[in-house]
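Okay, so here's the structure we're looking at.
Each value in this text was obtained by applying a stated rule to the coordinates, not by laboratory testing. Not measured: the values here are computed from a predicted model. Counting neighbours? That spans all protein chains shown, and the Cβs are built from the backbone with ideal geometry, glycine included.
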Amino acid sequence: MNFNVDESGFYGEFGGAFIPEMMYPNIKELREQYLKILADKSFQDELRLLLKDYAGRPTPLYRSARLSGLYNTNIFLKREDLAHTGAHKINNTIGQILIAQRLGKTRIIAETGAGQHGVATATVCALKGLKCVVYMGKLDVERQQPNVLRMKMLGAEVVPVYSGNMTLKDATNEAIRDWINNPVDTHYIIGSVVGPHPYPDMVTRLQAVISEEMKWQLKEHTGKEEPDYIIACVGGGSNAAGSFYHYLDKPKVKLIAVEASGKGVDSGESAATMVLGRPGVLHGSRTMLMQDEDGQVIEPYSISAGLDYPGIGPMHSFLFKTGRVIFDHATDDEALKAAFQLTRTDGIIPALESAHALALLNKIKFKPDDVVVVNLSGRGDKDLATYMKYLDSFI
Amino acid sequence: MNRINKLFENKKQEILSVYFTAGYPGVNDTREIIKQLAESGADLVEIGIPFSDPMADGPVIQKSNDKALKNGMSLRLLFEQLKDIRAEVNIPLVMMGYINPVMQYGIGRFSEKCHETGIDGIILPDLPFDVYMQEYKQVFDRFNLHNIFLISPQTSERRIKMIDEASNGFVYMVSSSSTTGIRGSISKEQEDYFVRLRDMGLKNPKLIGFGISNHKTYAHACKYAQGVIIGSAFIKALDGEGSLKEKITRFVKAIRG
Ligand SMILES: Cc1ncc(COP(=O)(O)O)c(C=O)c1O
């Protein structure tokens, strides 16, 4: 089965570029250029060098002896939390800033939820000396303060967004509006595999470095490139797309994506798009979407700002529909529990987002010789204020 | 003949098209707003279908969308409100909104309802050209609905020609690279773009929209196109003092000058 995007930007019925005419020239330019730029040797050389010397790749693949003992199997953590700025998001922003430079853009905009993508964008803008504006929902500004301060330190302008639920969806709307108003000098670095074509494919390709590394790292550890399971959390789906990419055509590898079900899928406070959504159009692509019967987008909820999104990347909708990827979910409490567990078994404080992937370890019955990779998409420093609130309940 | 074509056949200049968001300020104001606009001398009315995430809109229309949804507006309710509107209003009526509510309503059912109601055209800014050609054109044509396309200052000449070719009714010329909203005056750069478009000699008439807000910008834009579209400024005017009739009469008068 082919899981790649087709010529018109679709994955089956999902994807496309549902954008107003004002955005068309920029999207067209990107669509016509991105594959050429990605394939260009000077681009690849610069990207590889930055990923290695600047971002600290390859990130380790670490076998957790204690988790493996606890679940009586073999559990590996892909340590994206050790990449520069503390999450996988930097893989995408390094790639896109190099693309933006090649398109002659001098001003960068981004949306951010947890602030990790905002920080990763502000970081590469500082590195390249480009102006940076980051849109962030007012609620997220409050719950992810450390990242707001990091962005400011890095010289980015952080614009709080007051519309809607004041979270990631609304920040994305505002970034799109900025781009409509600044069509010439600006590149929009989208932080996940969402948005109009070619963003989902472009960001997937830039994040695919995660599974590219996993292949040889697993071979070193286990003698085989292929694990039995790969588990990743999904907000928009970029760390999942990156960690699944090189295994999509290996049907024996079970790919598991974990959405945030907040206070429970039936609680009315959830972000489990695959359970609660149906096909619709948001932010330029046709994808699974949480919406009411009139097609109005439903405000999602998750304790984790990075998973608090009513849609999902169109490739994931296709992977869901075809059954190639299994979509599961974890609640706030399950994620918190998994986060505290990892800090005490391994001395690693995971991001709340990544904790949703870890929570799945409790839901699957593994065999002793299974090889399980959990993509630890980011570190939890930014979530300390939230964690502290729950310290007494979970330890 | 479609009322839009008839309008442009009979009137060659100073066409005033007004956009409002259905459900704003009050959920039941829809009919009265349309009637008063027609009586005050607006030539065309764009009925906005509210959406939770209006990505091409500035603050004023965003706010009217939010409020309209809070008031309980939906496509279903809108069609109920517009039932038999043709007994009272003769000017062309166009529905404008984002694609998702229309898609969820069902494109076939939507088109049929529009036809039944006496709607003449549709503006869906986030419906891509190729998807329109493949999935929508046939249905719209069957129900005599004109799809109105947008062009912006960044739209290439080749694409403008393609859009003109596929259009029927009029072409919606976005006045500057921007979201909707009120701007002070028309710049030299915008003027150059208006002239460029005028000189291209499109087969369709053009209406200039986005940023037209008062008599001055109206008169200025009318020099380069068959007329204008006003949205945000009208919605702001609805917030003012007085009855809908008074506010709307005053507004149209002030624009016409
Ligand atoms: C650490 C971490 N993991 C995961 C996500 C979710 O994004 P995605 O689904 O694109 O990987 C975020 C988003 O902010 C994040 O910061």
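To the nearest whole percent, what portion of all C-alpha pairs in the stretch B:1-92 is separated by more than 17 angstrom?
Across the stretch B:1-92, Cα pairs with separations above 17 Å total 53 percent.
Could you please state, rounded to a whole Å, how far the C-alpha centre of the stretch B:211-257 is from the C-alpha centre of the stretch A:81-96?
With the stretch B:211-257 and the stretch A:81-96 each reduced to a Cα centre, they are spaced 49 Å.
Could you give the DSSP H helices of chain B that reach 27 angstrom or more along their long axis (alpha carbon positions) and whose average Kyte-Doolittle hydropathy is no lower than 1.0?
Result, helices passing both filters: zero.
Under the rule of at least 5 residues apart or a separate chain, name every residue whose amide H is placed under 5 Å from the amide H of A:Thr331.
A:Ser261
Please state the equivalent ellipsoid semi-axes for the stretch A:131-202: what are the square roots of 5 times the Cα gyration tensor eigenvalues, largest first, in whole Å?
20, 15, 12
Calculate the all-directions average of the projected area of the stretch B:114-257's alpha-carbon convex hull, and give it in nm².
Computing the convex hull of the Cα atoms and averaging its projections yields 9.6 nm².
Just to be sure I understand the model, the point goes 7 Å from the Cα along the line to the Cβ. What's the resulting A:Asn72 to A:Lys250 distance in nm?
Calculated label separation equals 2.6 nm.
Could you pull out the longest piece of chain A with no exposed loop trypsin sites (Lys or Arg not before Pro) in it, calling a site exposed if DSSP puts it outside H, G, I, E, B and it has at most 14 other Cβ atoms within 10 Å?
Segment A:1-223 is the longest.
When a/c is below 1.5 the answer is rounded, else prolate if a/b is larger than b/c, else oblate, so apply that to the stretch B:41-83 with a ≥ b ≥ c taken from the square roots of the Cα gyration tensor eigenvalues.
oblate
Can you give me the Kirkwood hydrodynamic radius for the stretch A:79-121, using every pair of distinct Cα atoms, in Å to one decimal?
10.9 Å
Which distance in nm do the two modelled labels at A:Ser267 and A:Asn4 give, with both placed 7 Å along the Cα-to-Cβ direction?
4.2 nm
Over chain B, with a Gaussian network built from C-alpha contacts below 10 Å, which listed residue (B:Val195, B:Val60, B:Val171) shows the highest mean-square fluctuation?
Greatest mean-square fluctuation among the candidates belongs to B:Val195.
Would you mind computing, in nm to one decimal, how far apart the modelled labels at B:Gln138 and B:Lys245 are, each placed 7 Å from Cα along Cα→Cβ?
4.9 nm
Which length gain, in nm to one decimal place, applies between B:Arg158 and B:Asn2 when the Cα-Cα distance is subtracted from 0.36 nm times their residue separation?
So the extension gain works out to 53.4 nm.
Once the mean 1/r over all distinct Cα pairs of the stretch A:156-286 is inverted, what Kirkwood radius in angstroms do you read off?
Its Kirkwood hydrodynamic radius stands at 17.0 Å.
In whole Hz and in residue order, list the ³J(HN,Hα) couplings for the stretch A:174-191 that follow from phi through the Karplus curve 6.51 cos²θ - 1.76 cosθ + 1.60, θ = phi - 60°; x for Gly and Pro.
5, 5, 4, 5, 4, 5, 4, 7, 10, x, 9, 8, 9, 10, 9, 8, 6, x
At 0.36 nm per residue, minus the direct Cα-Cα distance, what do A:Arg344 and A:Glu32 gain on full extension? Give it in nm, one decimal, please.
Difference between extended and current length: 107.4 nm.
Determine the shape class of the stretch A:261-373: with a ≥ b ≥ c the square roots of the Cα gyration tensor eigenvalues, call it rounded for a/c under 1.5, and otherwise prolate if a/b is greater than b/c, oblate otherwise.
Cα axes put the stretch A:261-373 in the prolate bin.
Step through the table entries A:Lys138/B:Lys161; B:Lys35/B:Lys63; B:Lys11/B:Lys245, compare each Cα-Cα distance with 32 Å, and write down the pairs that go over it.
Pairs exceeding the cut-off: A:Lys138/B:Lys161.
Where does helix A:209-222 land angle-wise versus the long Cα axis of chain A, in degrees 0 to 90, nearest 10?
20 degrees
How about A:Lys219: which lysines have a C-alpha closer than 28 Å to its C-alpha, ignoring those fewer than 8 places off in the same chain?
Straight-line reach from A:Lys219, under 28 Å: A:Lys41, A:Lys52, A:Lys78, A:Lys89, A:Lys250, A:Lys252, A:Lys254, A:Lys363, A:Lys365, A:Lys367.
By what distance, in whole Å, do the Cα atoms of the stretch A:1-86 stretch along each of the three principal axes, largest value first?
Over the stretch A:1-86, Cα extents along the principal axes are 55, 34, 25 Å.
Give the distance, in whole Å, between the Cα centre of the stretch A:320-364 and the Cα centre of the stretch A:255-292.
17 Å
Averaging over every viewing direction, what projected area does the convex hull of the Cα atoms of the stretch B:1-159 cover, in nm²?
Average projection, Cα convex hull of the stretch B:1-159: 9.9 nm².
List residues of the stretch A:157-195, by number, whose backbone nitrogen lies under 13 Å from a label position 7 Å along Cα→C-beta of A:Thr106.
Under cut-off, by backbone N: A:184-187.
How high is the FRET efficiency from B:Lys223 to A:Asp292, r the C-beta distance, R0 51 Å, rounded to 0.05?
FRET efficiency, B:Lys223 to A:Asp292: 0.70.
Size of the protein assembly as shown along its principal axes in angstrom, Cα-based, largest extent first?
81, 50, 46
Let me see the P(r) profile for the stretch B:172-257: every Cα-Cα distance counted, bins of 5 Å, each bin given as a percent of all pairs.
3, 15, 26, 22, 16, 11, 5, 3, 1
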